[in-house]
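Comments concern the structure below.
The values are calculated or read from the model by the stated rules, or taken from the named source; none is laboratory data. Since we're looking at a predicted model, the values are computed, not measured. All Cβ positions, glycine included, derive from the backbone under ideal geometry; neighbour counts span all protein chains shown. These area figures cover heavy atoms from the full protein model, side chains too; ligands, DNA and RNA do not enter into them. Shrake-Rupley method; radii C 1.70, N 1.55, O 1.52, S 1.80 Å.
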Amino acid sequence: MPHIITRNASSVEQNWLNDLANAISDPIQLLNSLKIDPSPWAEGLAARKLFALRVPLSFVDRMEVGNPHDPLLRQVLPLAEEFEVHPGYSQDPLEEQDNAIPGLLHKYKNRALMIVKGGCAVNCRYCFRRHFPYQDNQGGKRNWQAALDYVAAQPDINEIILSGGDPLMAKDSEMAWLIDAIGAISHIKRLRIHSRLPVVLPSRITPELCQILAESRLQTVLVTHINHANEINGELKQAMLALKQADVTLLNQGVLLKGVNDSITALTQLSETLFDAGILPYYLHVLDRVQGAAHFMVDDHTARQLMAGLMENVSGYLVPKLTREIGGRRSKTPLDLHLE
């Protein structure tokens, strides 16, 4: 087991909690901080009433000052298009909102997904769970224990996925309790953590968290959610290095988003920069058809063209799987890359 150097855990954890508390929630403040005139965007800013704006200063610092079309800004800025209602889009595109056990989704035979926390450090406008009833799936030890009791009675489950919201919104003490409880279930082999916090708030990767992961008997995989190379900075690379030293496998899943990464150049830079940071590209999802996010959609034919171009530019191990998730299916659905 690797040796992890720990500092004062409470003071280190307070760093990321302070960063979280200082996140921007006012779109006008966000635009002003980037020296962008908010008046042309006034109609769209009201979309914060549909889905609140939240973006940490660390993520804002990676946006280009003066550029209203910055790919990181586009992911978080409320727009007028969110008020449009499109056929074929729904508030529950993956059919997740009718779960029998609060906070637990058992969609796949060998793995179960726990909604650990309902909140996120950043609210991405394309989020497929932007309408999810988190109030009915509260993150806390009572619901976690009920979920784990179910898992303990299901020997076919060998992997637990921690999701949300964002599971790393849980404090280190909560993560320690939860990971110990999961590790006590003998048929669970792997722990997978899906999180955007290390990206937008690298301070979340504390020495205490790394120690918790290093000491668990479970094989741990962290799946980051990075859509553009500009999201990766030195702080993120240091956080990923700390996780690798804790023997955590690092994968990335992104979403193909119009106006963000829908070019061969952007996807090539993303894969290369991910690998430079020690993260292997894993999935590239086409957009889940959630109401309020149709303006991010890239059609399947264009998606296939982009992937064909990416395959010409990078090594095979840097090509993520192009997939979509369909509600009710027991696995993700790969998109055939054949170009008609």
Next on the checklist: Pairs please, first residue from region 59-85 and modelled with pLDDT under 95, second anywhere and open to solvent by 60 Å² or more (accessible area, probe 1.4 Å), Cβ atoms under 6 Å, 6+ apart in sequence or on different chains.
Outcome noted: Pro78/Arg48; Ala80/Glu43; Glu82/Leu50
Next on the checklist: Can you list residue pairs whose Cβ atoms sit under 8 Å apart, with the first residue in region 124-149 being under 24 Å from Leu191 (Cβ atoms) and assigned to a helix (DSSP H, G or I) and the second being open to solvent by 70 Å² or more (accessible area, probe 1.4 Å) and at pLDDT below 55? Count only pairs 6 or more apart in sequence or on different chains.
Outcome noted: none
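On the basis of being at pLDDT below 95 and part of a loop (DSSP other than H, G, I, E, B), does Asn99 make the cut?
Answer is yes for this residue.
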Item to check | Options Leu280, Leu318; residue that is under 17 Å from the mean Cα position of the chain (by Cα) and over 20 Å from Pro167 (Cα atoms) | outcome: Leu280
Checklist entry - Could you count how many residues in region 193-207 are open to solvent by less than 10 Å² (accessible area, probe 1.4 Å) and assigned to a loop (DSSP other than H, G, I, E, B)? => result 2
Checklist entry - What residue, among those in region 298-309 that are touching a residue at least 40 places away in the same chain (Cβ under 8 Å) and surrounded by fewer than 18 Cβ atoms within 10 Å (Cβ to Cβ), is farthest from Asn230 (Cα to Cα)? => result Thr302
Next on the checklist: For region 288-297, give me each residue that is among the aliphatic types (A, V, I, L, M) and open to solvent by less than 10 Å² (accessible area, probe 1.4 Å).
Outcome noted: Val290, Ala293
